[in-house]
Amino acid sequence: MASRPFAAIDSVVTWLDEKFHLNGKTVCDLGCGPGLYTERYAQLGALVCGLDFSTNSIEYAKLSAVEKDLSVSYAVANYLTDPLPQDQDLVTMIYCDLCPLSPAQRQILLGKVRASLNHDGLFALQ
């Protein structure tokens, strides 16, 4: 109920795929919630991990991925305090997670994202 309509999600994922060519890329979605974006990335051939601090959301996402036979790695994690996966081609943060962060938290997050990216990796925000 707190997510965007599926058509809007599909539009964002289509745009990301057009810009970044997700097939075969390593993609980490920060604040992935129930996996609505991560599943779509995986369906496009990306090697995906999703992080969220909500145990309920991660458990839902894991079950959904299994039901759809998608290989997505999920972890309960706080992207401000926990390690991020390394060697990522793309890190995404969808649904305005950056906005409520303080300037100090933004600096922490941006430093962690930068360290998690490959030398030519990208960070996409929405």
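Data for the structure
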{"quantity": "Listing of strands (runs of 3 or more DSSP E) fully contained in the stretch 1-78 that carry 2 or more residues being over 19 Å from residue 126 (Cβ atoms)", "calculated": "72-76"}
{"quantity": "Where residue 85 falls short, out of the listed (1) surrounded by fewer than 19 Cβ atoms within 10 Å (Cβ to Cβ); (2) not in a loop (DSSP other than H, G, I, E, B); (3) not β-branched (Val, Ile, Thr)", "calculated": "(2)"}
{"quantity": "Failed item in (1) of a type outside the set (A, V, I, L, M, F, W, C); (2) at pLDDT 95 or above; (3) within 25 Å of residue 101 (Cβ to Cβ), with residue 62 passing the rest", "calculated": "(3)"}
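So that you can scan it fast, the table gives a plain yes or no per residue for (1) closer than 18 Å to residue 10 by Cβ; (2) surrounded by fewer than 21 Cβ atoms within 10 Å (Cβ to Cβ):
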{"site": "34", "(1), (2)": "yes, no"}
{"site": "37", "(1), (2)": "yes, no"}
{"site": "41", "(1), (2)": "yes, no"}
{"site": "52", "(1), (2)": "no, no"}
{"site": "57", "(1), (2)": "no, yes"}
{"site": "62", "(1), (2)": "no, yes"}
{"site": "65", "(1), (2)": "yes, yes"}
{"site": "70", "(1), (2)": "yes, yes"}
{"site": "92", "(1), (2)": "yes, no"}
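The values are calculated or read from the model by the stated rules, or taken from the named source; none is laboratory data. From a predicted model like this one, the values you see are computed outputs, not experimental measurements. Reconstructed Cβ throughout: ideal geometry from the backbone, glycine too, with neighbour counts over all protein chains shown.
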